[in-house]
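Take a look at the structure set out below.
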Amino acid sequence: GTETSGATRLGTPIVDIATGLFSAIAILMALHEREKSGQGQYCDMTLHDCGMALLHPHAANFFLNGKRPQATGNPHPNLAPYSKFQTKTCEIFVAAGNDPAFRKFCDFLGMPEMAGDPRFATNGARVTNRAALTEVLNARFADEDGHALTRRMLAAGLPAGPVLNVDEAMAADHTAHRKMVTELGGFRGLGTPIKLSRTPGGTRSAPPRFNEHGAAVLRARGFSDEEIAALARDGVLVENRRK
């Protein structure tokens, strides 16, 4: 959230997703350890613990200074400029997270003198004077095409990108290049972020219709065709349909 909004629900279920990822890592760690010990072990994974593990840099800041972290919205609490800015055509996100990157950023913008301004010369000074820095950068970006600007920044080695809505992200050239939208028949969904050289993933079949494989599953568990037919007559099996 922001200073005025208070605590705000995250836009995606990041704790649920992270718990699944942490759990997969834990299983792989246990399997690797088993190669040495020959023994299995119980993996104790909770949403609470994984959510706590995601509290970076807020937990570290609290341990260092004992102060309750405050909501900052888009700006990073420890780095500046590391936030969202307005251009003529769209909002952009810029991440010049250290002093050398900021000096390079100022040169790129044609404003080398800004790197020597005492208000902005160090990251600590920039965090303290974040509002003044934001005002300067928004004025500099006001007549820029955000999409073209961020492409030039990336080419110069400066992390930046346009702020995209979901539909824009799905239609982006880079999304297509990375095969992150997949289609098969009438199915359309997200692709896999895991790209393996020998065993690549991908969409090989559309999600099954409700009970599409019910009879096959029952046969695999030892049910005869006559028993399956009887279950269907008795209404135990629901007909194939989209749920």
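The values are calculated or read from the model by the stated rules, or taken from the named source; none is laboratory data. All of these numbers come straight from a predicted model, not from anything done at the bench. All Cβ positions, even for glycine, are placed from backbone atoms using ideal geometry, and neighbour counts span all protein chains on display. Keep in mind that these areas ignore ligands, DNA and RNA; they rest on the heavy atoms of the full protein, side chains included. Shrake-Rupley method; radii C 1.70, N 1.55, O 1.52, S 1.80 Å.
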For this session: Round to a whole angstrom and tell me the spacing of the C-alpha centers of the range 152-231 and the range 28-107.
Result: 28 Å
For this session: Filter the trypsin sites (Lys or Arg not before Pro) in the range 46-155 down to the DSSP loop ones having no more than 16 other Cβ atoms within 10 Å, then list what survives.
Result: Lys67, Lys88, Arg119
Exercise. Which loop GluC sites (Glu not before Pro) in the range 1-68, with loop taken from DSSP, have no more than 15 other Cβ atoms within 10 angstrom of their Cβ?
Worked result: Glu3
For this session: Measure off, as a whole percent, the carbon and sulfur share of the 1.4 Å-probe accessible area of the chain, all protein chains present.
Result: 57 percent
Problem set entry | Extension gain from Ala156 to Glu168, taking 0.36 nm per residue of separation minus the Cα-Cα distance | 1.9 nm
Seminar exercise, completed: Relative contact order in percent for the chain (Cα pairs under 8 Å, 6+ apart) equals 12 percent
For this session: For Val181, enumerate residues with amide H under 5 Å from its amide H, sequence gap 5+ or separate chain, H modeled in the peptide plane.
Result: Gly191
For this session: Compute log10 of I(q)/I(0) for the chain with the Debye formula, placing one identical point scatterer on every Cα and leaving out solvent, at q = 0.08, 0.12, 0.14 Å⁻¹, to two decimals.
Result: -0.56, -1.01, -1.19
Exercise. With helices defined as uninterrupted DSSP H runs, which ones in the chain have an alpha carbon span along their own long axis of at least 30 Å and mean Kyte-Doolittle hydropathy of at least -0.5?
Worked result: 14-37
Exercise. According to a simple spin-label model (label point 7 Å from Cα along Cα-to-Cβ), what is the distance in nm between Leu190 and Ala216?
Worked result: 2.7 nm
